[in-house]
Amino acid sequence: MESIYIHGGVALQGQVRIQGSKNAVLPVLAATVLIEGTSIIENCPRLLDVYHMQALLKSLGCVCLWDGEKLKVNAAGVDLVHALGGMPQDAAKGMRSSIILLGALLGRTGEVRIEYPGGCVIGERPVDIHIEALKKLNVQFEETIQGLYAYTDRLRGAEIDLPVPSVGATENSILAAVLAEGITIIRGAAREPEVVTLCEFLSACGADITGGGSSTIIIKGVEKLSGAQFRIPGDRIVAGTYLCACMAAGGEVLLKEAPVEQMQAVLHVAEQMGACCQQAKEGLYVQMHERPLTLEKLVTQPYPGFPTDMQSPFLSVLTLAKGTCIIEENIFENRFHTVPYLQAMGAAVQQTDAHHVKVSGVEELHGFTVSAKELRGGAALVIAGTAAKGETVVDGCRFIERGYENICRDLRELGVRIYGV
Ligand code: UD1
């Protein structure tokens, strides 16, 4: 799908099921290489990043089979030859999560060559913290222009103090520690729900992990892991995206299987802006019947704070709110790619430096041809188009397909006149 066409300005109405979480399933799929038997991953979303991970697993000797919404992974064939053989470049470069194969493969084969990861164009995304953490577990590194060569004679448990609560570095440390000799303590760990999901999956496979979801995680190395059947929770960012579409265009929607518990910071902000959000048996019920109210300031923070992935979608909503808001992006720089396009749609928004924008709400946006430059920014432009009067065309939609199974189908179920070509 290259472009999305939206005839906006109509309030949303209806219900949609929220797909399984992208950011939760990718580390779980990476973890399957630690397991010699078969893992069955239920509620696995069918999206570009999952297909990229599937290609990487295949290149490592895994057999991956889809069965409806389940992905079965058998990693019996993973060996040193595959781990050193090089991974398909387009898949490794296409997404940031390829880096978490590092910890998993060290646990399985003790030696790995890996490309520097790709992903969205949202500022500097170094891997120094991943490397320093793994060095503590007795891993040696050689850095080359193409990527990293990492090896260990034996992974050994250690105390790791993360300087910032990096989600990826926490996941890599966990993956390397589960089969290491002895005890690993990760301090300053990321508390994101995706880290909890990874710990739950590994525990279901026989790992000994405590403290997932807190800033201290303790892992006692075990001899081996065996396959498990495991369900991926709903995607909190996809649910948040459709919440924003409803806030921008108005209406009443039910987001089935939305992981409400994981969305507290987002729901708090949505309610301050005038949305009525209720936890229902099936998921999240949202009503928005007035123009959104603005906030004084919206600040992104590590979990349980307001997530960086929801910053662009909320910027789209704030372009229509009553009053002026400052957004402060603290996790990444360069995450305001939508600003010139929102301006072209009639928004009063200015980027003041790499980490701040100032947005004064206008009464309405108008349709325009805009371009997705990265995943969440692309979804944010779809939200703006859903609320705007007239026709919006969003080009560059391959980025959106990295994280949304079918954003057009989902929004059509909520009554939006939208189609992709
Ligand atoms: C980040 C988000 C995660 C989101 C994902 C996809 C946070 C804390 N993490 O995870 O919620 O789902 O993007 O958009 O919000 N850093 C380093 N060196 C490293 C690793 C990270 O300096 O080796 C820095 C990053 O530049 C960033 C911060 O640490 O400023 C957090 O990064 P990290 O959590 O690792 O990013 P992701 O795992 O990609």
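For the stretch 183-206, what are the residues that are more than 13 Å from the ligand (Cβ to nearest atom), over 15 Å from Ile100 (Cβ atoms) and in contact with a strand residue (DSSP E or B) (Cβ under 6 Å, 6 or more places away or on another chain)?
Kept after step one, since they are more than 13 Å from the ligand (Cβ to nearest atom), are these residues of the stretch 183-206: 183-187, 199-206.
Then keep just the ones that are over 15 Å from Ile100 (Cβ atoms); that gives 183-185, 187, 200, 203-206.
Those that are more than 13 Å from the ligand (Cβ to nearest atom), over 15 Å from Ile100 (Cβ atoms) and in contact with a strand residue (DSSP E or B) (Cβ under 6 Å, 6 or more places away or on another chain): Ile183, Thr184, Ile185, Arg187, Ser203, Ala204.
What helices (runs of 4 or more DSSP H) completely inside the stretch 375-421 contain at least 3 residues that are surrounded by 24 or more Cβ atoms within 10 Å (Cβ to Cβ) and not assigned by TED's automatic domain parsing to the domain that holds Asp49?
On the way: elements: 375-387, 398-401, 407-413.
Ranges flagged: 375-387.
Taking into account only those residues within the stretch 296-329 that are among the aromatic types (Phe, Trp, Tyr) and assigned to a loop (DSSP other than H, G, I, E, B), which is least open to solvent (accessible area, probe 1.4 Å)? Show your work before the answer.
So in the stretch 296-329, the residues among the aromatic types (Phe, Trp, Tyr) come out as 303, 306, 314.
Now narrow it down to the ones that are assigned to a loop (DSSP other than H, G, I, E, B): 303, 306.
Values: Tyr303: 55, Phe306: 11 Å².
My answer is Phe306.
Of the numbered conditions (1) free of Cβ contacts under 8 Å to residues at least 60 places away in the same chain; (2) within 17 Å of Thr184 (Cβ to Cβ); (3) open to solvent by 20 Å² or more (accessible area, probe 1.4 Å); (4) not acidic (Asp, Glu), Ile217 satisfies every one except a single condition; which is it?
(3)
Restricting to the stretch 141-169, count the residues that are assigned to a loop (DSSP other than H, G, I, E, B) and within 16 Å of the ligand (Cβ to nearest atom). Walk me through it before giving the result.
From the stretch 141-169, those assigned to a loop (DSSP other than H, G, I, E, B) are 144-146, 152-155, 157-158, 162-166; that's our starting set.
Then drop every residue that is not within 16 Å of the ligand (Cβ to nearest atom), which leaves 162-166.
Going through the stretch 141-169 one residue at a time, the tally reaches 5.
Show me the strands (runs of 3 or more DSSP E) found entirely inside the stretch 15-121 where at least 2 residues are in contact with a Phe, Trp or Tyr (Cβ under 9 Å, 6 or more places away or on another chain) and buried (at least 18 other Cβ atoms within 10 Å of the Cβ).
Values: elements: 38-42, 63-67, 70-74, 111-115.
By residue number, 38-42, 111-115.
Going by the structure shown, is Thr144 at pLDDT below 85, open to solvent by 30 Å² or more (accessible area, probe 1.4 Å) and of a type outside the set (Lys, Arg)?
On the way: at pLDDT below 85: yes; open to solvent by 30 Å² or more (accessible area, probe 1.4 Å): yes; of a type outside the set (Lys, Arg): yes.
When the stated conditions are applied, Thr144 passes them.
Which residue out of Asn138, Asn172 is within 16 Å of the ligand (Cβ to nearest atom) and modelled with pLDDT of 90 or more? Break it down stepwise before answering.
Values: Asn138 fails: within 16 Å of the ligand (Cβ to nearest atom).
Exactly one of Asn138, Asn172 is within 16 Å of the ligand (Cβ to nearest atom) and modelled with pLDDT of 90 or more, namely Asn172.
Applying the selection to the stretch 189-203, what residues are in contact (Cβ under 8 Å) with a residue 24 or more places away in the chain and either more than 12 Å from Thr32 (Cα to Cα) or under 18 Å from the mean Cα position of the chain (by Cα) (or both)? Spell out the reasoning first.
To start, the set of residues in the stretch 189-203 that are in contact (Cβ under 8 Å) with a residue 24 or more places away in the chain comprises 189-195, 197-202.
Answer for the stretch 189-203, where residues must be in contact (Cβ under 8 Å) with a residue 24 or more places away in the chain and either more than 12 Å from Thr32 (Cα to Cα) or under 18 Å from the mean Cα position of the chain (by Cα) (or both): Ala189, Ala190, Arg191, Glu192, Pro193, Glu194, Val195, Thr197, Leu198, Cys199, Glu200, Phe201.
Every residue in the stretch 209-253 that is among the charged types (D, E, K, R), part of a loop (DSSP other than H, G, I, E, B) and closer than 30 Å to Ala388 by Cβ, please. Reasoning before the result, please.
Here is the first cut: in the stretch 209-253, the residues among the charged types (D, E, K, R) are 220, 223-224, 231, 235-236, 252.
Then drop every residue that is not part of a loop (DSSP other than H, G, I, E, B), which leaves 223-224, 235.
Residue satisfying the conditions is Asp235 alone.
Can you find even one residue in the stretch 333-354 that is assigned to a strand (DSSP E or B), in contact with a Gly (Cβ under 9 Å, 6 or more places away or on another chain) and over 27 Å from Ser215 (Cβ atoms)?
yes
Pull out all pairs, ordered by first then second residue, where Cβ-Cβ is under 6 Å, the residues are six or more apart or on different chains, the first lies in the stretch 166-178 and is β-branched (Val, Ile, Thr), and the second is within 13 Å of the ligand (Cβ to nearest atom) and open to solvent by 10 Å² or more (accessible area, probe 1.4 Å).
Val167/Glu192
Looking only at the stretch 181-208, which residues are assigned to a loop (DSSP other than H, G, I, E, B) and of a type outside the set (D, E, K, R)?
First, the residues of the stretch 181-208 that are assigned to a loop (DSSP other than H, G, I, E, B): 182, 188-192, 205-207.
Correct list: Gly182, Gly188, Ala189, Ala190, Cys205, Gly206, Ala207.
For the stretch 288-295, does any single residue satisfy the condition of being touching a residue at least 60 places away in the same chain (Cβ under 8 Å), open to solvent by 10 Å² or more (accessible area, probe 1.4 Å) and polar (S, T, N, Q)? Walk me through how you get there before you give the answer.
Narrowing the stretch 288-295 to residues touching a residue at least 60 places away in the same chain (Cβ under 8 Å): 291-292, 294.
Next cut, open to solvent by 10 Å² or more (accessible area, probe 1.4 Å) only: 291, 294.
With the extra rule that they be polar (S, T, N, Q), the set shrinks to 294.
Among the residues of the stretch 288-295, at least one is touching a residue at least 60 places away in the same chain (Cβ under 8 Å), open to solvent by 10 Å² or more (accessible area, probe 1.4 Å) and polar (S, T, N, Q), which makes the answer yes.
Could you please find all residues in the stretch 317-340 being away from the ligand (no atom under 16 Å from the Cβ) and in contact with a Ser or Thr (Cβ under 7 Å, 6 or more places away or on another chain)? Steps first, answer last, please.
Applying the first criterion (away from the ligand (no atom under 16 Å from the Cβ)) to the stretch 317-340 yields 317-326, 339-340.
Answer for the stretch 317-340, where residues must be away from the ligand (no atom under 16 Å from the Cβ) and in contact with a Ser or Thr (Cβ under 7 Å, 6 or more places away or on another chain): Leu318, Ala321, Lys322, Gly323, Thr324, Cys325.
Checking Glu364 against (1) in a helix (DSSP H, G or I); (2) touching a Lys or Arg at 6+ places or on another chain (Cβ under 6 Å); (3) not hydrophobic (A, V, I, L, M, F, W, C), which test does it fail?
(1)
The values are calculated or read from the model by the stated rules, or taken from the named source; none is laboratory data. Quantities reported herein were computed from a predicted structural model and do not represent experimental measurements. Here Cβ is always computed from backbone atoms with ideal geometry, including for glycine, and neighbour counts include all displayed protein chains. Accessible surface is based on the protein model in full, side chains and every heavy atom, while ligands, DNA and RNA are left aside. Shrake-Rupley method; radii C 1.70, N 1.55, O 1.52, S 1.80 Å.
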